[in-house]
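The values are calculated or read from the model by the stated rules, or taken from the named source; none is laboratory data. What you see is a predicted model, and the numbers here were worked out from it, not measured in a lab. Here the Cβ is made from the backbone with ideal geometry for all residues, glycine too, and neighbour counts use every protein chain on show. The accessibility values were calculated without ligands, DNA or RNA, using every heavy atom of the protein model including side chains. Shrake-Rupley method; radii C 1.70, N 1.55, O 1.52, S 1.80 Å.
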Amino acid sequence: MKCLVLAGGYGTRMQGILGERPKALADIQGRCVLDRLLDGLSPLVSQVSLVSNARFYSLFEAWAAHSAHSADLFNNGSTQADNRLGALGDLDLLLSKTGYDAPALVVASDTILDFSLSGLLQQFQRTGCSQLAVRRNPDPADQCRRGVVQMDAEQRVTAFQEKPERPQSDIAASPIYLLTAEALARLPSYLAQGRPKDAPGSFIETLCQEQRVEGWWMPGSLFDVGNPESYRAAQEGLS
């Protein structure tokens, strides 16, 4: 199974804490976010590819030279937020390099897991359908800042809302996707139609109306180090 790591953003909300460092390389109790993420993924994946913007690319090269983990690095050519490709543009770039013809685990680089994704892989192997990691989110205000999922009794995703003003569910999407080759092959035509490209959830919103996408309940906590609050939570909640 190949793993595609999206690290092409600029993370402006974290500049006051990280300065000129990407969120993936933020220090969490002596180890960077990316190393902690790959610790959990390495037993399950055979190939890791990471896309970065041009501004931070040299920092990822320096990381790769010293990390115990290996990853193929790609530069998306973006130099500032105004010319970024968006998460889906970055995903399309990685797929153009690694191929659309095999399933892939897609994750955000600023994510840390305190659980194994083996159950996600098992559900994918059992059903053969694209998978989306989900959890309960009882906070109405926070629901508006995330992807919101509706599922039926068989865990099929029946609707997806990206940062809705009026959430229709308390099920939150997480930045972990295991997508079939059929789903990945749909991405170029999605982008060619001028659809939203900043959040992977926008693609899932369309995909779940065309193909079967299932929700997989996360068995533990996830820290997305995308803002000062979640960064502090990761510092306090991880050992």
Is the range 172-189 home to any residue that is modelled with pLDDT of 95 or more, in contact with a strand residue (DSSP E or B) (Cβ under 8 Å, 6 or more places away or on another chain), farther than 23 Å from residue 92 by Cα and of a type in the set (S, T, N, Q)? no
Does residue 26 fit the bill of being crowded, with 18+ Cβ neighbours inside 10 Å and farther than 23 Å from residue 196 by Cβ? yes
Tell me which strands (runs of 3 or more DSSP E) are completely within the range 87-167 and hold 2 or more residues being under 14 Å from the mean Cα position of the chain (by Cα), modelled with pLDDT of 95 or more and closer than 26 Å to residue 233 by Cβ, or say none if there are none. 104-108, 130-136
Kindly provide the set of residues from the range 168-187 that are over 13 Å from residue 87 (Cα atoms) and part of a helix (DSSP H, G or I), ordered by number. 181, 182, 183, 184, 185
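Based on what the data block shows, is residue 131 free of Cβ contacts under 8 Å to residues at least 60 places away in the same chain, among the polar types (S, T, N, Q) and either out of contact with any strand residue (DSSP E or B) (no Cβ under 8 Å at 6 or more places or on another chain) or closer than 23 Å to residue 196 by Cβ (or both)? Outline the logic, then answer.
Details: free of Cβ contacts under 8 Å to residues at least 60 places away in the same chain: no; among the polar types (S, T, N, Q): yes; either out of contact with any strand residue (DSSP E or B) (no Cβ under 8 Å at 6 or more places or on another chain) or closer than 23 Å to residue 196 by Cβ (or both): yes.
The answer is no for residue 131.
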Residue satisfying condition, being open to solvent by 30 Å² or more (accessible area, probe 1.4 Å), under 23 Å from residue 214 (Cβ atoms) and among the aliphatic types (A, V, I, L, M), within set 65, 102: 102
Qualifying residue in the range 49-62 (condition: buried (at least 20 other Cβ atoms within 10 Å of the Cβ), in a helix (DSSP H, G or I) and within 17 Å of the chain's Cα centre (by Cα)): no
Look at the range 165-224 and say how many of its residues are surrounded by fewer than 18 Cβ atoms within 10 Å (Cβ to Cβ) and of a type in the set (Gly, Ala, Ser). 7
In the range 34-44, residue farthest from residue 24 (Cα to Cα) [restricted to those that are touching a residue at least 40 places away in the same chain (Cβ under 8 Å) and crowded, with 19+ Cβ neighbours inside 10 Å]: 41
Contacts under 7 angstrom Cβ, first residue in the range 69-94 being closer than 10 Å to residue 8 by Cα and polar (S, T, N, Q), partner open to solvent by less than 20 Å² (accessible area, probe 1.4 Å) and in a helix (DSSP H, G or I), 6 or more apart: 76/90
Looking at the range 79-98, which of the residues that are crowded, with 21+ Cβ neighbours inside 10 Å and out of contact with any helix residue (DSSP H, G or I) (no Cβ under 9 Å at 6 or more places or on another chain) is farthest from residue 25 (Cα to Cα)? 94
